[in-house]
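FYI, it's all coordinate maths here, none of it is from the lab. Keep in mind the model is a prediction, meaning the values are calculated, not measured. Counting neighbours? That spans all protein chains shown, and the Cβs are built from the backbone with ideal geometry, glycine included.
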């Protein structure tokens, strides 16, 4: 089982936390598309926070699962790769529709309502512009999730295995 | 007496944990030798170090002092990656809470140790699937291979975890209360599988258990009390030939594991 397949399965399983992170990234990407230069830095910071928080929460709630993977032979770098890929799927899953919605809104504003309702200097983004924004969002998200992923890979295995499963915690 | 020929050899193992200024001595001067094909049962009250002992043997936690030789390799001189390689090559673990991966089916969970070792070719993957399916059938879960852990009851999860421990054909299986959730027929199937592995592959087992039905199958029964390991004879029936227990005739079909 490659880290990529495990990551994809985890994200596809659609836990509420994954969906919430995707929605947050989508909103941020939409704002990024519609916003002007000075607005982009706080929006990118928001993307970084969402990505880091999502990865940190995932590693905490899945401590036993990650410890099991380590105990069965998954290496630390592979675990980091798996968590980074999860962050990548979540970011792509949120950023693509978010940027799409933002671009559609900008295009509508430009062609239906006229340029006056958009901030100065802002129009419907070109395809290359959208690609650049997507790359920016993904880069920020991956960088932000790297720290919690490395911390998860460095945790001791034995205490993670001792974490009780949810049905026994009560 | 220690011999390097033993599969597992522990001498003078100590393990303690620090909690602030106090220190808890989990294992005190543990000495143990396990040969290939042997089943050693360790019993004792909760919190007296059984899981810690398995973690130390399984190279999941380092001992504070003492010598541990596993499969002829003294682990003291190994770095982390070499310890992981030795663990993956030699040991099949059954963890106390089963710890299956929730997003994977029962069969994929069983295959997981093989998949984590290296990238499998298509024929190797087919072989791994066949082996996992066969092991699941041996523990009575042939009709559950595509079920995720959430759709399995705790006893079934435990059997999946046991199949997962055996899929790599390990030389040593470390099982933390592996039969705690099993009823009569499931327990019989699991014990038959353990015995088949002992006979056919020379797999050794170190098992923590409080289950009398499993204790009678053990080659040796040891007691762990407050971190100290000693022999235990009291709970076993006097008439039972302990060393022959593992090789008692069983109604089992031959399966190469």
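Starting from the Cα gyration tensor of the stretch A:3-154, multiply each eigenvalue by 5, take the square root, and state the resulting semi-axes largest first in whole Å. Kindly include the intermediate steps, with their values, before the conclusion.
On the way: eigenvalues 238, 34, 26 Å².
Over the Cα atoms of the stretch A:3-154, the semi-axes work out to 34, 13, 11 Å.
Does anyone have the angle between helix B:154-166 and the longest principal axis of chain B? Alpha-carbon axes, 0 to 90°, nearest 10?
Once rounded, one gets 80 degrees.
May I have the convex hull volume per residue, in Å³, for the Cα set of chain B?
Convex hull volume per residue, Cα atoms: 142 Å³.
What translational diffusion coefficient, in µm²/s and rounded to a whole number, does the Stokes-Einstein relation yield for the protein assembly as shown at 20 °C and a viscosity of 1.002 mPa s, taking the hydrodynamic radius as the Kirkwood radius over Cα pairs? Could the numbers behind the result be given before it?
Details: Rh = 23.9 Å.
Rounded to a whole number, D works out at 90 µm²/s.
Report the label-to-label distance for residue B:85 and residue B:19 in nanometres (one decimal), using points 7 Å from each Cα along the Cα→Cβ vector.
Spacing of the two 7 Å Cα→Cβ label points: 3.9 nm.
Can you compute the modelled spin-label distance between residue B:125 and residue B:64, with each label point 7 Å from Cα toward Cβ, in nm?
In this crude label model, residue B:125 to residue B:64 measures out at 4.8 nm.
Rounded to the nearest 0.05, what FRET efficiency do residue B:28 and residue A:39 give with R0 = 45 Å and r taken as the Cβ-Cβ distance? Could you check?
On the way: r = 64 Å, r/R0 = 1.41.
The calculated FRET efficiency here is 0.10.
Can you compute the label reach from residue B:36? Point 7 Å from Cα along the Cβ direction, backbone N cut-off under 12 Å, restricted to the stretch B:56-76.
B:71-72
By DSSP, what percent of the beta bridges with both residues in chain B are antiparallel, rounded to the nearest 5? Intermediate values should be presented prior to the final figure.
Numbers: 20 of 37 bridges.
Bridges in chain B are about 55 percent antiparallel.
What is the order of B:108, B:211, B:29, fewest Cβ neighbours within 10 Å to most? Show your work: numbers first, answer last.
Details: B:108 23, B:211 18, B:29 14.
Least crowded to most crowded, the residues run B:29, B:211, B:108.
Let's test the formula: R0 of 35 Å, r as the Cβ-Cβ distance of residue A:154 and residue B:76. What FRET efficiency results, to the nearest 0.05? Can you show the working numbers first?
Working: r = 22 Å, r/R0 = 0.64.
So, using R0 = 35 Å, E works out to roughly 0.95.
Given labels modelled 7 Å from the Cα in the Cβ direction, how far is it in nm from residue A:101 to residue B:210?
5.3 nm
For the stretch B:104-199, how big is the tail of P(r) above 22 Å, as a whole percent of Cα pairs? Kindly include the intermediate steps, with their values, before the conclusion.
Values: 1058 of 4560 pairs.
Here the long-distance tail beyond 22 Å is 23 percent of all Cα pairs in the stretch B:104-199.
Once both axes come from the Cα atoms, what is the angle between helix B:184-201 and the longest principal axis of chain B, in degrees from 0 to 90, rounded to 10?
80 degrees
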